[in-house]
Amino acid sequence: MTTKRRSQSERREQTRNALIDATTELLMERGMQGAAVQEICKRAGVTTGAIQHQFGSKTGLIAEVVETLFTSFADDIPAIGEADLSLEERVARVVDHYWSIYGGERYFAVLEILLATRHDPSLMTLVSQYRSRNLSALEHRLLVEFPDVDLPPSELKATVQRMMDYLRGHALRRLYQSDATLDRQALDHARKMVLTEFEPRQKART
């Protein structure tokens, strides 16, 4: 039985994915300082020249990691606007979704990259672009999922952004103190934050 040889484009794609995955893992485990070129390539099982060949530089690789992570977060947003769900249930699903991001290990990689952007204008620009794109997608999604909340789109987004900021802060606390009870309390508080703004402006669903 013969094994089909992979094409050059398939091998290239496999190498790119291996480098992106290895970088993400090292950022989560060791931070930016621990994600050295040699360590990335060792974990990916490739030579150090692969980063230069595939991405041009380590900065180019980090930029690709940023795109992969932010895209995955946006793609993971679930549709929650079923007609039989109450406002409280829909808000709970939104909060739970964002906690699955901020409370997950992948977000540690994002935090490391965000800290690094302070000293790298090109990365800062890239992160800002993806953040702006994701917020635009969020605004559109909120209009679909909460048609019964009589708030301007900008206020809908601002309310959910405040909830997201709160969850990000709680995620940072978990870096040095992980407590399931505090997590549940934080999620409950985040839901109440949104409901306090949404409930007074709720109208009948058509």
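If I ask for residues that are in a helix (DSSP H, G or I) and surrounded by 14 or more Cβ atoms within 10 Å (Cβ to Cβ), which ones from the range 174-191 would you list? Passing the criteria: 183, 186, 187, 189, 190, 191. Among the residues in the range 158-168, are any aromatic (Phe, Trp, Tyr), part of a helix (DSSP H, G or I) and free of Cβ contacts under 8 Å to residues at least 40 places away in the same chain? Looking through the range 158-168, at least one residue is aromatic (Phe, Trp, Tyr), part of a helix (DSSP H, G or I) and free of Cβ contacts under 8 Å to residues at least 40 places away in the same chain.
Report, by residue number, each residue of the range 130-159 that is of a type in the set (A, V, I, L, M, F, W, C) and within 15 Å of the chain's Cα centre (by Cα).
Matches in the range 130-159: 135, 137, 138.
Criterion applied to 138, 143 was being at pLDDT below 85, surrounded by fewer than 16 Cβ atoms within 10 Å (Cβ to Cβ), in the same structural domain as residue 98 (by TED's automatic domain parsing) and more than 12 Å from residue 66 (Cα to Cα), and the one residue passing it is 143. On the stretch given as the range 6-36, residues that are at pLDDT below 90, under 20 Å from residue 114 (Cβ atoms) and among the acidic types (Asp, Glu) total 1.
For every residue, the table says whether it meets (1) farther than 30 Å from residue 26 by Cβ; (2) modelled with pLDDT of 80 or more.
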residue: 69; (1), (2): no, yes
residue: 77; (1), (2): no, no
residue: 85; (1), (2): yes, yes
residue: 110; (1), (2): no, yes
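Against the test of being under 16 Å from the mean Cα position of the chain (by Cα) and under 22 Å from residue 197 (Cβ atoms), the options 95, 127 yield a single qualifying residue, 95.
Against the criterion of being surrounded by 14 or more Cβ atoms within 10 Å (Cβ to Cβ) and either in a strand (DSSP E or B) or out of contact with any strand residue (DSSP E or B) (no Cβ under 9 Å at 6 or more places or on another chain) (or both), residue 151 qualifies. The selection criterion, being surrounded by 14 or more Cβ atoms within 10 Å (Cβ to Cβ), assigned by TED's automatic domain parsing to the domain that holds residue 189 and at pLDDT 85 or above, does not hold for residue 120. Taking the range 19-33 as the range and being over 16 Å from the mean Cα position of the chain (by Cα) and aliphatic (A, V, I, L, M) as the test, the residues that pass are 19, 22, 26, 32.
The values are calculated or read from the model by the stated rules, or taken from the named source; none is laboratory data. Please read all numbers here as calculations on a predicted model, not as lab measurements. Reconstructed Cβ throughout: ideal geometry from the backbone, glycine too, with neighbour counts over all protein chains shown.
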